Amino acid sequence: MASLIDIKQRITSTRKTSQITKAMQMVSASKLGRAEANAKAYAPYVSKIRDVVTNVAATGNSSDHPMLVSRPVKRTGYIVITSDTGLAGSYNSSVIKEVYQDITTKHNSSDEYALIVVGRTARDFFKARGMNIVLEIEGLSDHPAFAEIKDIASNAVQMFEDGVYDELFIHYIHHINSISNELRNVQLLPLTEFHEAGEENEHDMTVYEFEPSEQEILEVLLPQYVESLIFGALLDAKAAEHAARMTAMRSATDNASDLISDLSLQYNRARQAAITQEITEIVGGAAALE
């Protein structure tokens, strides 16, 4: 049985740990509010730019644009969004596990895929396994601005246009609320769905007049649209990260409280047993002197 000193030390260390996890929970809760606001504020922009792209694609003058046309798939690109740090429950592991399973199931060699990793966790995981990483970024702020990911987003689009890969998917955690999230796998390129969406909603779309031509506008607008999707997914993933860390730290704090209660009970029992033992020894000694 542990001594009173050992139990007391465990209670003290557990209490200090709970203070840390409680502070981290409060910090994550504060960051979550701003991250949710950023993600919600960005959603209308993505929705509107999608409407414009759909309208342009529906004209039929853009059917030969390389970003709108499917081609034989020789290599698949994956954008993986994780965090730079841990202590966020299954936030990182669920994304990494899905991407790793997809790659090992669908591809026989590293020539058949290319990884673009956001976050130190994913980078370290895939590098340790010798997997093909063509682009990486880490050290993003908790509330990133578009300028921070502009290069990686534009490079991801440019690599598709240059034929580095023939299709591009993005894997990330979608934030639903503070206690739930959803793993998402979205195809970014090629944008083949726009022709179908344009045909289905042709009578309901807003009428635009284009100056200069639709083709020239599309050359600028399509890369911007894909970059906006990447940035929107990143904002969404950041909100999910803060929510996951807040939940994990709340659970850790609750577990620490339960452990402190158990240890305190154990300490009191051991202390009572020690007092009883001392009284018994005193009574036994007094009886021996009579």
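The values are calculated or read from the model by the stated rules, or taken from the named source; none is laboratory data. From a predicted model like this one, the values you see are computed outputs, not experimental measurements. In this analysis, Cβ positions are derived from the backbone assuming ideal geometry, glycine residues included, and neighbour counts consider all displayed protein chains. For the accessible areas, the whole protein counts, side chains as well, though only heavy atoms, and no ligand, DNA or RNA atoms are used. Shrake-Rupley method; radii C 1.70, N 1.55, O 1.52, S 1.80 Å.
Near Arg184: Cβ cut-off under 15 Å, other residues only, Lys/Arg at +1 and Asp/Glu at -1. The net charge is -3. Annotation: the antiparallel percentage among DSSP beta bridges lying fully within the chain is about 40. The C-alpha atoms of the chain define a longest principal axis, and helix 4-58 lies at about 10 degrees to it. What do you get for the angle between helix 214-289 and the principal long axis of the chain? Use alpha-carbon atoms, 0 to 90 degrees, nearest ten. Its long axis makes an angle of about 10 degrees. A cut-off under 13 angstrom between Cβ atoms defines the neighbours of Gly86, and their net charge, with Lys, Arg +1 and Asp, Glu -1, is -1.
Starting from the Cα-Cα distance between Ala287 and Val220, subtract it from 0.36 nm times their residue separation and give me the gain in nm to one decimal. Don't skip to the answer; put the middle values down first.
On the way: separation 67, 0.36 × 67 = 24.12 nm, distance 9.96 nm.
That pair, Ala287 and Val220, stretches by 14.2 nm at full extension.
Length available on full extension from Val69 to Glu98: 0.36 nm per residue minus the Cα-Cα distance, which gives 7.8 nm.
Scaled against 2.2 N^0.38 Å for its residue count N, the alpha carbon radius of gyration of the stretch 205-290 is 2.97.
Kindly state, to the nearest 0.05, the FRET efficiency for Ser264 paired with His174, given R0 = 51 Å and r defined as their beta-carbon distance. Could you put the intermediate results ahead of the total?
Working: r = 41 Å, r/R0 = 0.81.
Once the sixth-power term is evaluated, E becomes 0.80.
Calculated from DSSP H runs of 4 or more alone, at -39500 (n - 2.57) each and per residue, what is the 222 nm mean residue ellipticity of the chain, nearest 500? Present the calculation step by step, with values, prior to reporting the outcome.
Details: 6 runs with 180 residues, N = 290.
Helices in the chain give a 222 nm mean residue ellipticity of -22500 deg cm²/dmol.
Over the chain, the alpha carbon radius of gyration divided by the compact-protein estimate 2.2 N^0.38 Å works out to 1.49. For Thr104, the solvent-accessible surface computed with a 1.4 Å probe is close to 80 Å², ligands and nucleic acids excluded. Taken about its Cα centre, the chain carries a charge dipole of roughly 1880 debye when the Cβ of each Lys and Arg holds +1 and the Cβ of each Asp and Glu holds -1.
Take the cross-link list Lys31/Lys97; Lys97/Lys127; Lys150/Lys238 and give me the ones stretching past 19 Å between alpha-carbons. Write out the running numbers ahead of the final one.
Values: Lys31/Lys97 26 Å; Lys97/Lys127 14 Å; Lys150/Lys238 16 Å.
Flagged as over cut-off: Lys31/Lys97.
Neighbours of Ile7, meaning other residues whose beta-carbon lies under 13 angstrom from its beta-carbon, give a summed charge of +3 when Lys and Arg score +1 and Asp and Glu score -1. Taken per residue, the accessible surface of the chain reaches 54 Å², heavy atoms only and a 1.4 Å probe.
Projected label points at Asp151 and Lys106, each 7 Å from Cα along the beta carbon direction, are separated by 2.8 nanometres.
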